[in-house]
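The values are calculated or read from the model by the stated rules, or taken from the named source; none is laboratory data. All figures in this text were calculated on a predicted structure; none of them were measured in a lab. Don't worry about glycine lacking a Cβ; one is built from the backbone with ideal geometry, like all the others, and counts go over all protein chains shown. In case anyone asks, the SASA skips ligands and DNA or RNA and just uses the protein heavy atoms, side chains included. Shrake-Rupley method; radii C 1.70, N 1.55, O 1.52, S 1.80 Å.
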Amino acid sequence: MNTSSPSFSSSAADRRLSALVRHLEGSSLNVLDSRSRSIAASPTSGSHGAGNSVFDHVVRAPEDPILGVTVAYNKDPSPVKLNLGVGAYRTEEGKPLVLNVVRRAEQMLVNDRSRVKEYLPIVGLSDFNKLSAKLILGADSPAIQENRVTTVQCLSGTGSLRVGAEFLARHYHQHTIYIPQPTWGNHPKVFGLAGLSVKTYRYYDPATRGLNFQGLLEDLGSAPSGAIVLLHACAHNPTGVDPTPHQWEQIRQLMRSKALLPFFDSAYQGFASGNLDTDAQSVRMFAKDGGECLVAQSYAKNMGLYGERVGALSIVCRTADVASRVESQLKLVIRPMYSNPPIHGASIVATILKDRSLFQEWTIELKAMADRIISMRQQLFDALRSRGTPGDWSHIIKQIGMFTFTGLNSKQVVFMTKEYHIYMTSDGRISMAGLSSRTVPHLADAIHAAVTRVA
Ligand code: KET
């Protein structure tokens, strides 16, 4: 018998209906009545009036302090508007940049018909992981040679931090993490939501616009033994202030003497000095002493792969055996979170890192980006000097990396946005990478007006 015939279906439906009616006859009908009434009134039934949502209690969240700046910028119709909020590189023409080397690598990937879209392993692309560890720890790293490093591909820098934090919350005896004051605004949220307890250590001295080294040593010196310490590998965000190599060495000694666990955030390798090795020195210093540490790497800035979400978490362990057990647990963190990472961006990175000439081309393009940012610093500094803007602006040329921590207060920032359509974070951080020779005078005018007209 063809069970899908319409006549059978309708008669079967009829039978079910009459069975239901029989079943409901009597007292049970009232139950249905009241149930159907409550279903009709239920907010999910679709027949409710406005203002009756199951989400009625949800309050509007504020925009993200950094990414929200772009949201506001996008809404501004002014032709002179300038987005110096998010740390994203722009060309002299103010356009986003796709590196030439990235275009070439992508072309190679597209042309390779043997490539498929299968799932990657939970830990990501193997070549990518090996090459990423080498990039940050150095080709001659003893930890890599001794197989003591486990690296997992993650969703850019943020994802790498989060996976590392979740792992620590599950498997590390100390749940307190010390982050610099100030730091990237997402750090406390990433670590707090992973279940770590977040404390700060002094880092920046507004009076000198430099490092509060004494305060840093005191705070890390009084941290409980074993506490985790978040360190910006280079180009500290938002301050642009990095410890000197000598200060790094003192930090290392103090941290190792107290068994504090270093967790490096490396989001700007190559962007600070223009040299990948120079910018990895802090991490390598810690990895070389044989102790353990974590490193979160991002390829958002240095390869311009922002939206591809490519990054890596490396954990340097004491022994190869520990590293492999750690990796097995990282898989348990990742699998229920996003199963496995995306393939495209990591393939681009691996293609570039494993090919000598592509790698070389990358370093040249990277240096050009770093140099353009450095030249923007000089141009802005000169422009303020030529306007006689009150104050010492030498920090603009002293600070390192993508950002200048201007020292402008939140009222001055609001003024600059309102009057000059210049968008930046309310802490006075400006992304130098978003500036060009054409827009420097406009920014200098705005800063000059803010400083002279708004207290
Ligand atoms: N760490 C630091 C220090 C950092 O500045 C960023 C991004 C990240 C990690 C994360 O980047 P990812 O895209 O996940 O690899 N900072 C810029 C963008 C942002 O806030 O998301 C910024 O500060 O503007």
Among LEU135, LEU84, the single one that is of a type in the set (A, V, I, L, M), under 24 Å from GLN297 (Cα atoms) and touching a helix residue (DSSP H, G or I) at 6+ places or on another chain (Cβ under 6 Å) is LEU84
So for segment 99-109 (the condition being among the hydrophobic types (A, V, I, L, M, F, W, C) and without any contact (Cβ under 8 Å) to a residue 12 or more places away in the chain), does at least one residue qualify? no
Take MET337 and decide whether it is of a type in the set (A, V, I, L, M), touching a residue at least 60 places away in the same chain (Cβ under 8 Å) and open to solvent by 10 Å² or more (accessible area, probe 1.4 Å). yes
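Condition check ((1) at pLDDT 95 or above; (2) part of a helix (DSSP H, G or I)) across all residues:
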| site | (1), (2) |
| --- | --- |
| LEU358 | yes, yes |
| THR363 | yes, yes |
| ASP382 | yes, yes |
| SER386 | yes, yes |
| THR389 | yes, no |
| MET416 | yes, yes |
| ILE430 | yes, no |
| ALA433 | no, yes |
| ASP445 | yes, yes |
What number goes with the only condition from (1) within 16 Å of the ligand (Cβ to nearest atom); (2) in contact (Cβ under 8 Å) with a residue 40 or more places away in the chain that VAL198 does not pass? (2)
So how many residues does segment 53-90 have that are part of a loop (DSSP other than H, G, I, E, B) and either of a type in the set (Val, Ile, Thr) or within 16 Å of the ligand (Cβ to nearest atom) (or both)? 15
The conditions are (1) more than 16 Å from the ligand (Cβ to nearest atom); (2) more than 21 Å from THR176 (Cα to Cα), and SER225 fails exactly one of them. Which is it? (2)
Residues within segment 91-109 that are over 27 Å from LYS418 (Cβ atoms) and within 14 Å of the ligand (Cβ to nearest atom), tallied: 0
Tally of residues being open to solvent by less than 60 Å² (accessible area, probe 1.4 Å) and over 19 Å from the mean Cα position of the chain (by Cα) across segment 349-364: 9
Of all residues in segment 254-296 being modelled with pLDDT under 95 and either within 16 Å of the ligand (Cβ to nearest atom) or among the polar types (S, T, N, Q) (or both), which is nearest to GLY215 (Cα to Cα)? ALA272
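Looking at the structure I just gave you, is VAL440 more than 28 Å from GLY274 (Cβ to Cβ) and surrounded by fewer than 23 Cβ atoms within 10 Å (Cβ to Cβ)? Talk me through it step by step, then tell me what you get.
Details: more than 28 Å from GLY274 (Cβ to Cβ): no; surrounded by fewer than 23 Cβ atoms within 10 Å (Cβ to Cβ): yes.
It is false that VAL440 is more than 28 Å from GLY274 (Cβ to Cβ) and surrounded by fewer than 23 Cβ atoms within 10 Å (Cβ to Cβ).
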Here is a list of conditions, (1) open to solvent by 80 Å² or more (accessible area, probe 1.4 Å); (2) out of contact with any Leu (no Cβ under 7 Å at 6 or more places or on another chain); (3) closer than 30 Å to ARG372 by Cβ; (4) modelled with pLDDT of 95 or more, and ALA133 meets all of them except one; can you say which number that is? (1)
For segment 54-71, does any single residue satisfy the condition of being touching a residue at least 60 places away in the same chain (Cβ under 8 Å), in contact with a strand residue (DSSP E or B) (Cβ under 8 Å, 6 or more places away or on another chain) and more than 27 Å from ILE334 (Cα to Cα)? yes
Answer from ILE400, ILE430, ILE373 - the residue that is within 16 Å of the ligand (Cβ to nearest atom), open to solvent by 10 Å² or more (accessible area, probe 1.4 Å) and touching a Gly at 6+ places or on another chain (Cβ under 9 Å): ILE400
Among ALA133, ALA165, ALA143, the single one that is within 16 Å of the ligand (Cβ to nearest atom) and touching a residue at least 24 places away in the same chain (Cβ under 8 Å) is ALA165
In segment 281-299, what residues are more than 14 Å from ASP140 (Cα to Cα) and among the β-branched types (Val, Ile, Thr)? VAL295
Quick one: count up the residues across segment 91-116 that are surrounded by fewer than 14 Cβ atoms within 10 Å (Cβ to Cβ), of a type outside the set (A, V, I, L, M, F, W, C) and part of a helix (DSSP H, G or I). 4
Apart from one, (1) closer than 23 Å to GLN329 by Cβ; (2) open to solvent by less than 20 Å² (accessible area, probe 1.4 Å); (3) aromatic (Phe, Trp, Tyr) all hold for TYR119; the odd one out is (2)
Pick from segment 303-314 the residues that are crowded, with 24+ Cβ neighbours inside 10 Å and within 10 Å of the ligand (Cβ to nearest atom): which of them is farthest from LEU276 (Cα to Cα)? VAL310
With criteria (1) assigned to a helix (DSSP H, G or I); (2) surrounded by 23 or more Cβ atoms within 10 Å (Cβ to Cβ), LYS367 comes up short on (2)
